[in-house]
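Visitor: Right, I'll just put the structure down here and ask away after.
The values are calculated or read from the model by the stated rules, or taken from the named source; none is laboratory data. What you see is a predicted model, and the numbers here were worked out from it, not measured in a lab. Virtual Cβ from ideal backbone geometry, glycine too; neighbours counted across all protein chains shown.
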Amino acid sequence: MFQTDLLAGKRILVTGGGSGLGLLMGRGFAELGARLVICGRRREVLEAAAPELGGAEVHVCDIRDPAAVETMLEAIWRTGPLDGLVNNAAGNFIARSETLSHRALDAVLGIVLHGTAYVTLGCGRRWLEDGCRATVLSIITSYAWTGSAYVVPSAMGKAGVLAMTRSLAVEWGGRGIRLNAIAPGPFPTEGAWERLVPKPEMAREFEARNPLGRAGEHAELANLACYLMSDYSAYVNGEAVTIDGGEWLKGAGQFNFVGDMMSDEDWAALKPGRSK
Ligand code: HXC
(Lines give C-alpha, C1' and ligand atoms only; values in the text may rest on other atoms or scores of the structure.)
Protein backbone atom coordinates (compact mmCIF):
# COMPACT_ATOMS: atom_id res chain seq x y z
CA MET A 1 0.00 0.00 0.00
CA PHE A 2 2.88 2.40 0.77
CA GLN A 3 6.21 3.31 -0.80
CA THR A 4 8.79 1.32 1.14
CA ASP A 5 10.69 4.53 2.04
CA LEU A 6 7.57 6.41 3.20
CA LEU A 7 9.06 7.21 6.61
CA ALA A 8 12.76 7.09 5.68
CA GLY A 9 14.82 9.59 7.65
CA LYS A 10 12.18 10.06 10.32
CA ARG A 11 13.11 9.45 13.95
CA ILE A 12 9.98 8.59 15.90
CA LEU A 13 9.44 8.10 19.64
CA VAL A 14 6.65 5.67 20.53
CA THR A 15 5.74 5.73 24.21
CA GLY A 16 4.83 2.27 25.47
CA GLY A 17 6.41 1.04 22.25
CA GLY A 18 7.58 -2.30 23.61
CA SER A 19 4.21 -4.04 23.54
CA GLY A 20 0.62 -3.91 22.37
CA LEU A 21 -0.56 -1.24 19.96
CA GLY A 22 2.72 0.69 20.32
CA LEU A 23 4.73 -2.28 19.14
CA LEU A 24 2.48 -3.04 16.21
CA MET A 25 2.54 0.58 15.01
CA GLY A 26 6.31 0.71 15.56
CA ARG A 27 6.75 -2.35 13.35
CA GLY A 28 4.84 -0.55 10.62
CA PHE A 29 7.00 2.58 10.95
CA ALA A 30 10.25 0.55 10.95
CA GLU A 31 9.19 -1.39 7.84
CA LEU A 32 8.77 1.93 6.04
CA GLY A 33 12.21 3.21 6.98
CA ALA A 34 11.71 5.11 10.25
CA ARG A 35 14.27 5.02 13.05
CA LEU A 36 12.47 4.04 16.23
CA VAL A 37 12.92 5.20 19.79
CA ILE A 38 10.74 3.39 22.34
CA CYS A 39 10.13 3.98 26.02
CA GLY A 40 8.32 2.09 28.73
CA ARG A 41 8.56 1.04 32.34
CA ARG A 42 10.09 -2.43 31.84
CA ARG A 43 13.55 -2.73 30.31
CA GLU A 44 13.13 -6.42 29.45
CA VAL A 45 9.99 -5.71 27.43
CA LEU A 46 11.69 -2.89 25.52
CA GLU A 47 14.83 -4.89 24.83
CA ALA A 48 12.81 -7.86 23.58
CA ALA A 49 10.96 -5.56 21.14
CA ALA A 50 13.96 -3.55 19.90
CA PRO A 51 15.32 -6.10 17.38
CA GLU A 52 12.02 -6.32 15.50
CA LEU A 53 11.95 -2.52 15.35
CA GLY A 54 15.19 -2.34 13.41
CA GLY A 55 17.27 -2.07 16.57
CA ALA A 56 15.22 0.64 18.25
CA GLU A 57 16.80 2.96 20.80
CA VAL A 58 15.40 2.04 24.21
CA HIS A 59 14.66 4.27 27.22
CA VAL A 60 13.26 3.04 30.51
CA CYS A 61 10.90 5.81 31.56
CA ASP A 62 7.65 6.04 33.51
CA ILE A 63 5.98 8.99 31.81
CA ARG A 64 4.04 9.78 35.01
CA ASP A 65 7.31 11.23 36.34
CA PRO A 66 8.03 14.64 34.73
CA ALA A 67 11.70 14.56 35.77
CA ALA A 68 12.15 11.13 34.17
CA VAL A 69 10.52 12.41 30.98
CA GLU A 70 12.91 15.39 30.86
CA THR A 71 15.92 13.12 31.45
CA MET A 72 14.78 10.86 28.61
CA LEU A 73 14.18 13.73 26.18
CA GLU A 74 17.58 15.24 27.02
CA ALA A 75 19.22 11.90 26.28
CA ILE A 76 17.30 11.52 23.00
CA TRP A 77 18.08 15.05 21.80
CA ARG A 78 21.78 14.58 22.57
CA THR A 79 22.00 12.52 19.38
CA GLY A 80 19.62 14.70 17.38
CA PRO A 81 15.98 15.79 17.28
CA LEU A 82 12.93 13.60 16.89
CA ASP A 83 10.69 14.03 13.83
CA GLY A 84 7.67 12.39 15.38
CA LEU A 85 6.03 11.37 18.63
CA VAL A 86 3.37 8.73 19.12
CA ASN A 87 1.56 9.05 22.45
CA ASN A 88 0.62 5.43 22.89
CA ALA A 89 1.40 4.64 26.53
CA ALA A 90 -1.82 4.20 28.50
CA GLY A 91 -3.21 2.62 31.63
CA ASN A 92 -6.69 1.27 32.08
CA PHE A 93 -8.75 -1.36 33.85
CA ILE A 94 -12.47 -1.95 34.27
CA ALA A 95 -13.98 -1.21 37.66
CA ARG A 96 -17.16 0.09 39.25
CA SER A 97 -16.30 3.76 39.63
CA GLU A 98 -17.56 4.07 43.20
CA THR A 99 -14.89 1.56 44.27
CA LEU A 100 -11.94 3.52 42.83
CA SER A 101 -9.37 4.84 45.29
CA HIS A 102 -7.68 8.17 44.60
CA ARG A 103 -4.52 6.18 43.82
CA ALA A 104 -6.40 4.16 41.20
CA LEU A 105 -7.69 7.37 39.61
CA ASP A 106 -4.22 8.91 39.70
CA ALA A 107 -2.57 5.77 38.26
CA VAL A 108 -4.63 6.01 35.07
CA LEU A 109 -4.77 9.80 34.75
CA GLY A 110 -1.06 10.01 35.58
CA ILE A 111 -0.20 7.95 32.52
CA VAL A 112 -2.94 8.91 30.07
CA LEU A 113 -3.36 12.63 30.74
CA HIS A 114 -0.33 13.95 32.61
CA GLY A 115 2.27 11.63 31.08
CA THR A 116 1.05 12.33 27.55
CA ALA A 117 1.19 16.08 28.23
CA TYR A 118 4.69 15.90 29.76
CA VAL A 119 6.10 14.13 26.71
CA THR A 120 4.21 16.27 24.19
CA LEU A 121 5.15 19.58 25.80
CA GLY A 122 8.75 18.45 26.30
CA CYS A 123 9.11 17.52 22.63
CA GLY A 124 7.18 20.59 21.48
CA ARG A 125 9.41 23.00 23.41
CA ARG A 126 12.47 21.50 21.78
CA TRP A 127 10.98 21.49 18.29
CA LEU A 128 9.89 25.12 18.60
CA GLU A 129 13.28 26.23 19.93
CA ASP A 130 15.07 24.53 17.04
CA GLY A 131 12.50 25.48 14.38
CA CYS A 132 11.92 21.80 13.51
CA ARG A 133 8.93 20.38 11.67
CA ALA A 134 7.33 17.47 13.52
CA THR A 135 4.23 15.32 13.90
CA VAL A 136 2.45 14.10 17.01
CA LEU A 137 -0.03 11.24 16.94
CA SER A 138 -1.99 10.38 20.07
CA ILE A 139 -3.93 7.17 20.61
CA ILE A 140 -7.29 7.95 22.17
CA THR A 141 -10.58 5.97 22.03
CA SER A 142 -14.10 6.55 20.77
CA TYR A 143 -15.25 7.04 24.36
CA ALA A 144 -13.14 10.22 24.54
CA TRP A 145 -16.32 11.77 23.04
CA THR A 146 -19.05 9.58 24.46
CA GLY A 147 -17.62 8.66 27.85
CA SER A 148 -17.95 5.07 29.00
CA ALA A 149 -19.15 3.34 32.11
CA TYR A 150 -16.58 1.26 34.04
CA VAL A 151 -13.51 2.97 32.52
CA VAL A 152 -14.16 6.50 33.84
CA PRO A 153 -10.55 7.57 34.57
CA SER A 154 -9.50 6.41 31.11
CA ALA A 155 -12.43 8.27 29.49
CA MET A 156 -11.53 11.45 31.40
CA GLY A 157 -7.87 11.16 30.40
CA LYS A 158 -8.51 10.40 26.73
CA ALA A 159 -10.98 13.30 26.47
CA GLY A 160 -8.18 15.51 27.78
CA VAL A 161 -5.75 14.17 25.20
CA LEU A 162 -8.26 14.95 22.46
CA ALA A 163 -8.57 18.51 23.79
CA MET A 164 -4.78 18.81 23.90
CA THR A 165 -4.51 17.58 20.31
CA ARG A 166 -7.01 20.10 18.99
CA SER A 167 -5.63 22.97 21.07
CA LEU A 168 -1.99 22.49 20.15
CA ALA A 169 -2.83 21.79 16.50
CA VAL A 170 -3.91 25.42 16.31
CA GLU A 171 -1.26 26.86 18.60
CA TRP A 172 1.69 25.06 16.96
CA GLY A 173 0.40 24.35 13.45
CA GLY A 174 1.78 27.58 12.02
CA ARG A 175 5.19 26.70 13.42
CA GLY A 176 5.44 23.35 11.64
CA ILE A 177 4.05 20.97 14.23
CA ARG A 178 0.99 18.89 13.42
CA LEU A 179 -1.03 16.96 16.00
CA ASN A 180 -3.59 14.28 15.24
CA ALA A 181 -5.22 11.39 17.03
CA ILE A 182 -6.49 7.92 16.28
CA ALA A 183 -9.46 6.47 18.14
CA PRO A 184 -9.16 2.70 17.74
CA GLY A 185 -12.06 0.39 18.46
CA PRO A 186 -11.36 -3.17 19.60
CA PHE A 187 -7.86 -4.21 18.51
CA PRO A 188 -7.16 -7.15 20.81
CA THR A 189 -3.74 -7.11 22.49
CA GLU A 190 -2.62 -9.26 25.39
CA GLY A 191 -2.13 -6.44 27.93
CA ALA A 192 -5.33 -4.53 27.27
CA TRP A 193 -7.53 -7.60 26.97
CA GLU A 194 -6.20 -9.08 30.21
CA ARG A 195 -7.31 -5.94 32.09
CA LEU A 196 -10.39 -5.00 30.12
CA VAL A 197 -11.92 -8.21 28.80
CA PRO A 198 -11.82 -10.76 31.62
CA LYS A 199 -14.47 -13.11 30.17
CA PRO A 200 -14.44 -14.84 26.75
CA GLU A 201 -18.08 -13.87 26.19
CA MET A 202 -17.05 -10.20 26.49
CA ALA A 203 -14.52 -10.70 23.69
CA ARG A 204 -17.26 -12.27 21.56
CA GLU A 205 -19.57 -9.35 22.36
CA PHE A 206 -17.01 -6.87 20.98
CA GLU A 207 -17.26 -8.75 17.69
CA ALA A 208 -20.99 -9.43 17.71
CA ARG A 209 -22.02 -5.81 18.27
CA ASN A 210 -19.64 -4.42 15.67
CA PRO A 211 -21.32 -3.61 12.34
CA LEU A 212 -18.48 -5.46 10.58
CA GLY A 213 -18.80 -8.46 12.90
CA ARG A 214 -15.15 -8.56 13.88
CA ALA A 215 -12.36 -6.91 15.85
CA GLY A 216 -9.74 -4.82 14.10
CA GLU A 217 -6.66 -6.34 12.48
CA HIS A 218 -3.35 -4.97 13.65
CA ALA A 219 -2.18 -4.03 10.16
CA GLU A 220 -5.29 -1.88 9.70
CA LEU A 221 -4.30 0.30 12.63
CA ALA A 222 -0.62 0.36 11.67
CA ASN A 223 -1.46 1.51 8.13
CA LEU A 224 -3.51 4.46 9.39
CA ALA A 225 -0.76 5.42 11.83
CA CYS A 226 1.86 5.28 9.04
CA TYR A 227 -0.23 7.59 6.86
CA LEU A 228 -0.76 10.09 9.66
CA MET A 229 2.96 10.11 10.52
CA SER A 230 3.96 10.57 6.88
CA ASP A 231 4.26 13.77 4.87
CA TYR A 232 1.33 12.64 2.70
CA SER A 233 -0.97 13.72 5.53
CA ALA A 234 0.69 17.15 5.74
CA TYR A 235 -2.67 19.00 5.57
CA VAL A 236 -4.34 16.87 8.26
CA ASN A 237 -4.04 18.75 11.55
CA GLY A 238 -6.11 18.61 14.73
CA GLU A 239 -8.06 15.62 13.43
CA ALA A 240 -9.10 12.51 15.33
CA VAL A 241 -9.70 9.52 13.07
CA THR A 242 -11.92 6.74 14.39
CA ILE A 243 -11.06 3.23 13.24
CA ASP A 244 -13.59 0.91 14.86
CA GLY A 245 -15.65 -0.74 12.11
CA GLY A 246 -18.53 1.61 12.98
CA GLU A 247 -18.73 0.32 16.56
CA TRP A 248 -19.59 3.55 18.33
CA LEU A 249 -22.05 4.69 15.69
CA LYS A 250 -23.95 1.45 16.05
CA GLY A 251 -24.49 2.22 19.71
CA ALA A 252 -25.50 5.81 18.91
CA GLY A 253 -28.18 5.64 16.19
CA GLN A 254 -31.65 5.45 17.73
CA PHE A 255 -32.99 2.80 15.33
CA ASN A 256 -29.76 0.85 14.84
CA PHE A 257 -30.99 -2.10 16.91
CA VAL A 258 -34.04 -2.59 14.70
CA GLY A 259 -32.30 -4.71 12.06
CA ASP A 260 -31.57 -7.42 14.61
CA MET A 261 -35.25 -7.66 15.58
CA MET A 262 -36.97 -7.64 12.18
CA SER A 263 -37.33 -10.66 9.87
CA ASP A 264 -37.81 -10.39 6.08
CA GLU A 265 -41.51 -11.04 6.68
CA ASP A 266 -41.68 -8.22 9.23
CA TRP A 267 -40.16 -5.81 6.69
CA ALA A 268 -42.47 -7.03 3.90
CA ALA A 269 -45.49 -6.50 6.15
CA LEU A 270 -44.51 -2.86 6.61
CA LYS A 271 -44.43 -2.02 2.88
CA PRO A 272 -47.15 0.27 1.57
CA GLY A 273 -49.45 -1.56 -0.89
CA ARG A 274 -48.82 -4.92 0.72
CA SER A 275 -51.40 -7.59 -0.06
CA LYS A 276 -54.49 -7.23 2.12
C1 HXC B 1 -9.60 -1.33 41.02
C2 HXC B 1 -7.33 -1.06 40.74
C3 HXC B 1 -7.31 -2.05 39.72
C4 HXC B 1 -8.55 -2.68 39.39
C5 HXC B 1 -5.29 -1.29 40.00
N6 HXC B 1 -6.07 -0.63 40.87
N7 HXC B 1 -6.02 -2.16 39.28
N8 HXC B 1 -8.45 -0.70 41.38
N9 HXC B 1 -9.66 -2.27 40.04
N10 HXC B 1 -8.61 -3.62 38.44
C11 HXC B 1 -5.64 0.35 41.86
C12 HXC B 1 -4.69 -0.27 42.87
O13 HXC B 1 -5.39 -0.97 43.85
C14 HXC B 1 -3.98 0.96 43.41
O15 HXC B 1 -4.77 1.65 44.33
C16 HXC B 1 -3.88 1.85 42.18
O17 HXC B 1 -4.88 1.39 41.25
C18 HXC B 1 -2.53 1.75 41.51
O19 HXC B 1 -2.31 0.39 41.19
P20 HXC B 1 -0.85 -0.21 40.99
O21 HXC B 1 -0.97 -1.60 40.51
O22 HXC B 1 -0.04 0.05 42.23
O23 HXC B 1 -0.27 0.78 39.88
P24 HXC B 1 0.70 0.51 38.71
O25 HXC B 1 1.55 -0.71 38.97
O26 HXC B 1 1.36 1.78 38.46
O27 HXC B 1 -0.27 0.13 37.49
C28 HXC B 1 -0.95 1.13 36.75
C29 HXC B 1 -2.26 0.59 36.18
C30 HXC B 1 -2.03 -0.75 35.45
C31 HXC B 1 -2.85 1.64 35.29
C32 HXC B 1 -3.21 0.34 37.36
O33 HXC B 1 -3.26 -1.25 34.95
C34 HXC B 1 -1.04 -0.62 34.33
O35 HXC B 1 0.15 -0.61 34.58
N36 HXC B 1 -1.50 -0.52 33.07
C37 HXC B 1 -0.62 -0.29 31.90
C38 HXC B 1 -1.05 -1.05 30.69
C39 HXC B 1 -2.50 -0.91 30.34
O40 HXC B 1 -3.34 -0.63 31.21
N41 HXC B 1 -2.85 -1.14 29.07
C42 HXC B 1 -4.25 -1.05 28.61
C43 HXC B 1 -4.44 0.23 27.96
S44 HXC B 1 -5.87 0.14 26.93
P45 HXC B 1 -4.64 1.45 45.95
O46 HXC B 1 -5.56 2.49 46.52
O47 HXC B 1 -5.09 0.05 46.22
O48 HXC B 1 -3.20 1.69 46.27
C49 HXC B 1 -6.54 1.63 26.82
C50 HXC B 1 -7.65 1.88 25.79
C51 HXC B 1 -8.74 0.90 25.91
O52 HXC B 1 -6.20 2.51 27.47
C53 HXC B 1 -9.71 0.84 24.74
C54 HXC B 1 -10.29 -0.55 24.62
C55 HXC B 1 -11.33 -0.76 23.53
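Visitor: Mind listing whichever residues of segment 239-271 are assigned to a loop (DSSP other than H, G, I, E, B) and surrounded by 17 or more Cβ atoms within 10 Å (Cβ to Cβ)?
Guide: Selection gives 244, 245.
Visitor: Being modelled with pLDDT of 95 or more, touching a Gly at 6+ places or on another chain (Cβ under 6 Å) and more than 16 Å from the ligand (Cβ to nearest atom) is true for just one of 133, 78, 64. Which residue is that?
Guide: 133
Visitor: Test of understanding: among 141, 120, 135, which residue is of a type in the set (S, T, N, Q), in contact (Cβ under 8 Å) with a residue 24 or more places away in the chain and assigned to a helix (DSSP H, G or I)?
Guide: Result of the check over 141, 120, 135: 120.
Visitor: Another one. Return the total of residues in segment 65-87 being closer than 13 Å to residue 114 by Cα and crowded, with 20+ Cβ neighbours inside 10 Å.
Guide: 2
Visitor: With polar (S, T, N, Q), in a helix (DSSP H, G or I) and within 11 Å of the ligand (Cβ to nearest atom) as the only criterion, which of 167, 148, 154 stands out?
Guide: Among 167, 148, 154, only 154 is polar (S, T, N, Q), in a helix (DSSP H, G or I) and within 11 Å of the ligand (Cβ to nearest atom).
Visitor: To continue, here is another question. Condition (residue is loosely packed, with under 15 Cβ neighbours inside 10 Å and among the basic types (Lys, Arg)) applied to segment 161-176: is it met by at least one residue?
Guide: yes
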